1. Kindly indicate which of Ile76, Ile112, Ile80 is part of a helix (DSSP H, G or I), buried (at least 19 other Cβ atoms within 10 Å of the Cβ), in contact with a strand residue (DSSP E or B) (Cβ under 9 Å, 6 or more places away or on another chain) and modelled with pLDDT of 85 or more.
2. Scanning for something touching a Ser or Thr at 6+ places or on another chain (Cβ under 7 Å), assigned to a strand (DSSP E or B), at pLDDT 95 or above and surrounded by fewer than 14 Cβ atoms within 10 Å (Cβ to Cβ), does segment 10-30 turn up at least one residue?
3. Checking Ala67 against (1) open to solvent by 30 Å² or more (accessible area, probe 1.4 Å); (2) part of a loop (DSSP other than H, G, I, E, B); (3) modelled with pLDDT under 90, only one condition comes out false. Which one?
4. Take Ala41 and decide whether it is of a type in the set (Gly, Ala, Ser), outside any helix (DSSP H, G or I), under 14 Å from the mean Cα position of the chain (by Cα) and modelled with pLDDT under 95.
Amino acid sequence: MDKYLFFTDGDTIDAAADMACYPLSSFLGFSVDASDAVSVAMKFVSAVTGPGATTEIDIVSLVITSAKHKKVIESITKAINAASFDDNSGLIVVCDALNSVFADSDITGCAITHDS
């Protein structure tokens, strides 16, 4: 069974970029966007693939407390490594802004951008 990374942006879930759930095997890495943002790169889940796709990478931009990049990345990594299948879900909530559940207290929101 694979583990999954879960994200919601805080809106009601009524559009494609309001929620995303990726298998952990799709995780490509982190990058810094700004003093208060960390991006999580994932292999795409959009319907456009191959020559019509721009990058075939989805980006989840996490809004964080300024200058807390390392702490946030460490917390997400710990959550990934600690996740068990005791509850049979394999779900790792990174940013569920809709329900105020975060992998780290310094994550305050996110924006999900699907490759197009």
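1. It is Ile76.
2. No, segment 10-30 has no match at all.
3. Status for Ala67: all satisfied but (3).
4. For Ala41, the condition - of a type in the set (Gly, Ala, Ser), outside any helix (DSSP H, G or I), under 14 Å from the mean Cα position of the chain (by Cα) and modelled with pLDDT under 95 - is not met.
The values are calculated or read from the model by the stated rules, or taken from the named source; none is laboratory data. Model, not experiment: these values are computed from the prediction. Quick reminder, even Gly has a Cβ in these numbers, built from the backbone with ideal geometry, and neighbours come from all protein chains shown. These area figures cover heavy atoms from the full protein model, side chains too; ligands, DNA and RNA do not enter into them. Shrake-Rupley method; radii C 1.70, N 1.55, O 1.52, S 1.80 Å.
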